[in-house]
Structure formats: structure tokens, C-alpha cells
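**Student:** The structure's right below; bear with me while I get my questions together.
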Amino acid sequence: MPSKLYVGNLPFSVTGDDLSEYFSRVGTVEKAVVVSDKFSGQSRGFGFVEMADEESAEKAVQSLNGTDFKGRTIKIDHARESTGPGGGGGGRRGGGGGGQRDRW
């Protein structure tokens, strides 16, 4: 079953393809996105990577967390899932306050 990871402290120049390539060294990447500001389009410095299985996700946390990625020390953790209406960045009430995160 796929497992989603939060990746923080990303350089603003990083793309989803960059993340996918970096994480593929520890397992199969299903999807990788960098969250961007919905008005300016600029990276917000974090993103999400969905690994194909829990084992690969755990391996990514253990081996890639705290490593240098394009000049920044990245932080990786298991993503927290929204547990109800309005959870996780403003929910979907009248404007989608979560920016690109709503498209995940």
C-alpha cells in the first residue's frame, strides 16, 4: 500500500521530478510534488513523496532524512493525513486555502 512522506526545507528551485529522482534510490516513487504558492507559483519549500510501499517509505525516512539535497538539509517524515472536514490547510470550504496541496 502506498505511503506518503512529507519533505521539508527544500531549495526553492526543486521540482517534483527532482524529488522523484532523489527518492527513487530507496524504492519505487508513485508520485512527488512540490507545494507552491497559489498566487505567485513559487515553491513554498516543502513537498510530498508517495512511495509504493511502507518499507520503501521507512527506508527513505531512515536513510535520506537529514541529508544534503541540492545545498539544503532536508527533513523527511511520514505525512499526517487530514482527519475530517477542514483539516490540513483550510480544507475545501469556499476557496481551498491549502494551495496546491488540495490537488494531491
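All of the numbers you see were taken from the coordinates with simple rules; none came from a lab. The structure presented is a predicted model; accordingly, all values stated were derived computationally and were not measured. Every residue, glycine as well, gets a Cβ built from its backbone with ideal geometry; the counts of neighbours run over all protein chains shown.
**Student:** Read phi for every residue in segment 73-80 and hand back ³J(HN,Hα) as whole Hz from Karplus 6.51 cos²θ - 1.76 cosθ + 1.60, θ = phi - 60°, with x for Gly and Pro.
**Tutor:** Per-residue couplings from phi come out as 7, 7, 10, 10, 8, 5, 5, 8 Hz.
**Student:** Also: If I histogram all Cα-Cα distances within segment 3-80 using bins 5 Å wide from 0, what percent of pairs lands in each bin?
**Tutor:** Reading the bins upward from 0: 3, 18, 31, 27, 13, 5, 2, 0.
**Student:** What is the sum of charges around Val34, taking Lys and Arg as +1, Asp and Glu as -1, for the other residues whose C-beta is under 9 Å from the C-beta of Val34?
**Tutor:** Values: positive: Arg44; negative: Asp18.
Once all neighbours under 9 Å are counted, the net charge is 0.
**Student:** Sticking with this structure for a sec: Report, by chain and number, residues whose modeled amide H sits under 5 Å from the one on Ala79, excluding near sequence neighbours (fewer than 5 apart, same chain).
**Tutor:** Lys4, Leu5, Tyr6
**Student:** Tell me, what ³J(HN,Hα) does each residue in segment 39-50 have, in order and in whole Hz, if you take phi through Karplus 6.51 cos²θ - 1.76 cosθ + 1.60 with θ = phi - 60° and put x for Gly and Pro?
**Tutor:** Ordered by residue, 3J(HN,Hα) equals 9, 8, x, 6, 4, 9, x, 8, x, 9, 10, 9 Hz.
**Student:** If you don't mind, another one. Skipping prolines and chain starts, which residues have an amide H placed within reach, meaning under 5 Å, of the one on Asn65, given they are 5 or more residues away or on another chain?
**Tutor:** none
**Student:** Amide H to amide H under 5 Å from Lys38: which residues, 5+ apart in sequence or cross-chain, H placed 1.01 Å off N in plane?
**Tutor:** Placed amide hydrogens put Gln100 under 5 Å from Lys38.
**Student:** Provide the per-residue ³J(HN,Hα) series for segment 17-29, in order, calculated from phi with Karplus coefficients 6.51, -1.76, 1.60 and θ = phi - 60°, each as a whole number of Hz, with x at glycine and proline positions.
**Tutor:** The phi angles translate into 5, 4, 4, 4, 5, 5, 6, 5, 5, 10, x, 7, 9 Hz.
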